[in-house]
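J.: The structure under discussion is supplied below as structure tokens; questions concerning it will follow.
The values are calculated or read from the model by the stated rules, or taken from the named source; none is laboratory data. In this text, all values refer to a predicted model and were calculated from it rather than measured experimentally. In this analysis, Cβ positions are derived from the backbone assuming ideal geometry, glycine residues included, and neighbour counts consider all displayed protein chains.
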Amino acid sequence: MGNVEITISRHNPHIDPHLAIWGWEIPGYLFLGGITAGILVLSGIFYLLKKEEEVPFTVRIAPIVAPIALSIGMLFLFLDLEHKLFTWRLYTTFQWTSPMSWGSWALILIFPSSILFALIQLEESSRNFIQEKLHTFKLSFLAKPAEQVFVLADKFRPYTKALAWINIVMGGFIGIYTGILISSFVARPFWNTSILGILFLASGISSASAVMILGTKSKVEEHIMIKIDVAFLLFELFVLIQIFIGFFTSSYYHNLAGGLIFGGDFTGYFWMLVVLQGILFPLFMEVLELKNIFHFKLITPFSVLIGGLLLRILFVYIGQNSYVELNL
């Protein structure tokens, strides 16, 4: 049978002319999930390599950021839900074929290992600092429970290596999952690419390295993280090129989706904000830093973080403007 023409007599800004029901919450969750994944992977790898003295912020401090960032990201995800009171039902079953089910359980299961690893890595001085701040802000009633938490974490110290491996594996899974979450929508050809998860994982590790650059006081650690960021920014470019090739060597609807950023309405936004500002500019700046020509402590990592956020914002919004026509 031929194409069926559908006449729309309603006017709903979330549906007409495009199905656009995802707002800022989803890109925010994807971005924070990516940073969490990157921190878990980098901190776990450098711990296993016994590089705590070379990259102290990455191994000892940054792991605290991971569960905090993931909690905020999950809050964004919760805010996006239509029926918030029924969220608990996700955890009454496990569906092997559902990416959402995999992700829901993974997000919950990562908390114990990430929190334990972070607490174990805290040095005595950091623990004392936390206790002092609790008293300073008149939260003395939390001092004793905090001390008990530290004692409990120390009991797991013999299993730190296992926790590091769990964090690496789960961090990699979360990083890839943030891409799989939207790539499984076949009706949205701009999202429907099998390597979107790889792109989001690479972007997450790049963003995490930017966090390390901002947080560290060690020139050695900063230099190492700049090298890692350069490598993953280059890898992001490589993956993006593969996605672009896929747009124009796949179906007619993938061609149309690619056209949205190659001459379409989102061309300027994507190339200026994501490719130029988020990848090429920090890449150029970091090469200059590695050659000791210039040093930009704040500009470069912030450019990477903004680029990582804009990548997800534009992918979410552009994807909702791509479509597959229904043939009956």
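J.: Would you confirm, using the coordinates I've provided, whether residue 178 is among the hydroxyl-bearing types (Ser, Thr, Tyr) and either touching a helix residue (DSSP H, G or I) at 6+ places or on another chain (Cβ under 6 Å) or closer than 14 Å to residue 63 by Cβ (or both)?
T.: yes
J.: Could you check how many residues of region 109-147 are within 27 Å of the chain's Cα centre (by Cα) and aromatic (Phe, Trp, Tyr)?
T.: The number of residues fulfilling the criteria is 2.
J.: If you don't mind, another one. Looking at 152, 109, 163, 134, which one is under 17 Å from residue 52 (Cα atoms) and part of a helix (DSSP H, G or I)?
T.: 163 is the lone residue from the list that is under 17 Å from residue 52 (Cα atoms) and part of a helix (DSSP H, G or I).
J.: I need every pair where a residue in region 261-288 that is touching a residue at least 12 places away in the same chain (Cβ under 8 Å) has its Cβ under 6 Å from the Cβ of a residue that is outside any helix (DSSP H, G or I) and β-branched (Val, Ile, Thr), sequence separation at least 6 or different chains.
T.: 270/261
J.: Scan region 102-151 for residues that are touching a Leu at 6+ places or on another chain (Cβ under 7 Å) and of a type in the set (Ser, Thr, Tyr) and jot them down.
T.: Once the filter is applied, which keeps residues that are touching a Leu at 6+ places or on another chain (Cβ under 7 Å) and of a type in the set (Ser, Thr, Tyr), region 102-151 yields 104, 113, 114, 140.
J.: Which of the residues spanning region 180-195 are touching a residue at least 60 places away in the same chain (Cβ under 8 Å) and of a type outside the set (Ser, Thr, Tyr)?
T.: Within region 180-195, 180, 181, 182, 185, 186, 187, 188, 189, 190, 191, 192 qualify.
J.: How many of the residues making up region 187-223 are part of a helix (DSSP H, G or I) and more than 24 Å from residue 289 (Cβ to Cβ)?
T.: Looking only at region 187-223, we keep the residues that are part of a helix (DSSP H, G or I), and these are 196-215, 219-223.
Among the residues that remain, those that are also more than 24 Å from residue 289 (Cβ to Cβ) are: 196-201.
Residues in region 187-223 being part of a helix (DSSP H, G or I) and more than 24 Å from residue 289 (Cβ to Cβ): 6 in total.
J.: Considering only residues that are in contact (Cβ under 8 Å) with a residue 40 or more places away in the chain and among the hydrophobic types (A, V, I, L, M, F, W, C), which ones fall in region 289-299?
T.: If the condition is that a residue be in contact (Cβ under 8 Å) with a residue 40 or more places away in the chain and among the hydrophobic types (A, V, I, L, M, F, W, C), then 290, 298 are the ones that fit.
J.: Given the criteria over 18 Å from residue 237 (Cα atoms) and without any contact (Cβ under 8 Å) to a residue 40 or more places away in the chain, does residue 302 qualify?
T.: When the stated conditions are applied, residue 302 does not pass them.
J.: Related question: What is the residue count in region 116-134 for residues that are touching a residue at least 60 places away in the same chain (Cβ under 8 Å) and acidic (Asp, Glu)?
T.: So the answer is 1.
J.: Any idea which residue in region 27-47 is modelled with the highest pLDDT, counting only those that are more than 15 Å from residue 224 (Cβ to Cβ) and either surrounded by fewer than 24 Cβ atoms within 10 Å (Cβ to Cβ) or among the hydroxyl-bearing types (Ser, Thr, Tyr) (or both)?
T.: My answer is 36.
J.: Report, by residue number, each residue of region 267-288 that is within 14 Å of residue 314 (Cβ to Cβ), surrounded by fewer than 20 Cβ atoms within 10 Å (Cβ to Cβ) and of a type outside the set (A, V, I, L, M).
T.: Within region 267-288, 267, 268, 269, 271, 277 qualify.
J.: How many of the residues making up region 135-162 are without any contact (Cβ under 8 Å) to a residue 60 or more places away in the chain and within 19 Å of residue 40 (Cβ to Cβ)?
T.: In the first step, residues of region 135-162 are kept if they are without any contact (Cβ under 8 Å) to a residue 60 or more places away in the chain; the result is 135-159, 162.
Going one step further and asking which of them are within 19 Å of residue 40 (Cβ to Cβ), we end up with 153, 156-157, 159, 162.
Adding up the residues that qualify gives 5.
J.: Within region 224-234, is there a residue that is farther than 19 Å from residue 319 by Cβ, free of Cβ contacts under 8 Å to residues at least 40 places away in the same chain and not in a loop (DSSP other than H, G, I, E, B)?
T.: yes
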